[in-house]
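Visitor: Before anything else, here's the structure in question.
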Amino acid sequence: YGLADRERGLPWTPATVSCTGSITKQFTGAAILKLEEEGRLRVTDPISSYFKEVPADKTGITLHHLLTHSSGLLDPEEIGDYTPIGREEYVRKVLAQKLAFPLGEGYEYANANFSLLGVIIEQLSGGSYEAYLREKLFLPCGMRETGYLLPRWGEGRMAQGYRGGVL
């Protein structure tokens with residue numbers, strides 16, 4: 001299948017671990033529904049149940065709106081996928097932005113929706129997003145080779161991501 005890491009000359013093998021990219025959204029959605037099944041939240045809950053100082057134009061946003069990209073929230077332009085930023089600052093920046101459309105009246109794919117859901121998963125589980133997914137979803141399904149930082153992949157197992165032939 002070629003090289004998993006071109007710079008290091010590492011081949012892609014059956015033991016290579018690759019990034020799931022936006023597939024994490026399906027895992028996040030499943031984790032939210034697992035929390036609902038456990039009686040710890042409802043998808044009809046407003047985000048103001050989980051975040052302080054939600055601006056008035058966003059108090060009606062529910063977890064369902066986040067799950068369906070119908071919240072009107074946008075990704076902050078200055079924050080990329082790998083921009084180091086603290087959780088509280090990220091939430092503040094997302095909620096400070098103008099909505100792309102009135103709540104529930106459109107669709108706009110935005111990572112911010114699922115990032116907020118990830119924060120809620122951490123708040124309710126008392127641990128990391130990944131630890132919750134591993135304990136409640138991956139391991140019960142026999143997915144021992146699925147994760148992000150856990151289960152601490154060995155040297156040379158992670159494939160390097162490339163876009164358009166470059167890192």
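The values are calculated or read from the model by the stated rules, or taken from the named source; none is laboratory data. Quantities reported herein were computed from a predicted structural model and do not represent experimental measurements. Backbone-built Cβ (ideal geometry, glycine too); neighbour counts: all protein chains shown. Heavy atoms of the whole protein, side chains included, go into the accessibility calculation; ligands, DNA and RNA do not. Shrake-Rupley method; radii C 1.70, N 1.55, O 1.52, S 1.80 Å.
Visitor: Three principal axis extents, largest first, for the C-alpha atoms of region 1-104, in Å?
Guide: Its Cα atoms span 53, 35, 24 Å along the three principal axes.
Visitor: Reachable lysines from Lys52, Cα under 21 Å, same-chain residues fewer than 8 places away excluded?
Guide: List returned: Lys93, Lys98.
Visitor: When only DSSP loop residues count, what chymotrypsin sites (Phe, Trp or Tyr not before Pro) in region 1-41 have their Cβ near at most 11 other Cβ atoms within 10 Å?
Guide: Of the chymotrypsin sites (Phe, Trp or Tyr not before Pro), the ones in loops of region 1-41 whose Cβ has at most 11 other Cβ atoms within 10 Å are Tyr1.
Visitor: Quick check for me: using +1 on Lys/Arg Cβ and -1 on Asp/Glu Cβ, what's the dipole size of region 51-148 about its Cα centre, in debye to the nearest 20?
Guide: Using Cβ point charges on Lys, Arg, Asp and Glu, region 51-148 gives about 280 debye.
Visitor: Only four residue types carry charge here, +1 at the Cβ of Lys and Arg and -1 at the Cβ of Asp and Glu. Report the dipole size of the chain about the Cα centre in Debye, rounded to the nearest 20.
Guide: It works out to roughly 340 debye.
Visitor: Further question: Quick one: what does P(r) look like for region 47-167 with 5 Å bins over all Cα pairs, in whole %?
Guide: 2, 10, 17, 18, 18, 15, 12, 7, 2, 0
Visitor: For region 3-106, which GluC sites (Glu not before Pro) pass both filters: DSSP loop (anything but H, G, I, E, B) and at most 13 other C-beta atoms within 10 Å?
Guide: In loop regions of region 3-106 (DSSP not H, G, I, E or B), the sparsely surrounded GluC sites (Glu not before Pro) are Glu7, Glu38, Glu53, Glu77, Glu78, Glu105.
Visitor: Still on this model: With springs only between Cα atoms under 10 Å apart, run a GNM on the chain and tell me which of Thr146, Thr16, Thr28 wobbles the most.
Guide: Most flexible of the set in this elastic network: Thr16.
Visitor: Oh, and also: At 1.4 Å probe radius, can you tell me the per residue accessible area of the chain in Å²?
Guide: 60 Å²
Visitor: In whole Hz, with x marking every Gly and Pro, tabulate ³J(HN,Hα) for region 29-36 from phi via Karplus 6.51 cos²θ - 1.76 cosθ + 1.60, θ = phi - 60°.
Guide: Taking θ as phi minus 60°, the curve returns x, 5, 5, 4, 5, 5, 5, 5 Hz for region 29-36.
Visitor: Calculate how steeply helix 87-96 sits against the longest principal axis of the alpha-carbon atoms of the chain, using the helix alpha-carbon long axis, and give the answer as 0 to 90 degrees to the nearest 10.
Guide: The helix 87-96 is inclined about 50 degrees to the chain.
Visitor: Taking amide H positions as placed 1.01 Å from N in the peptide plane, with prolines and chain starts having none, which residues 5 or more places from Met158, or on another chain, fall under 5 Å of its amide H?
Guide: Amide H neighbours of Met158, under 5 Å, 5+ apart: Val17.
Visitor: Could you work out the local net charge near Thr16, counting Lys and Arg as +1, Asp and Glu as -1, over the other residues with Cβ closer than 12 Å to its Cβ?
Guide: -1
Visitor: Expressed as a rounded percentage, what relative contact order does region 1-152 have, with Cα pairs under 8 Å and six or more residues apart?
Guide: Across region 1-152, relative contact order equals 22 percent.
Visitor: Can you give me the % of accessible surface on the chain that is carbon or sulfur? Probe 1.4 Å, all protein chains present, nothing else counted.
Guide: The nonpolar share, carbon plus sulfur, comes to 54 percent.
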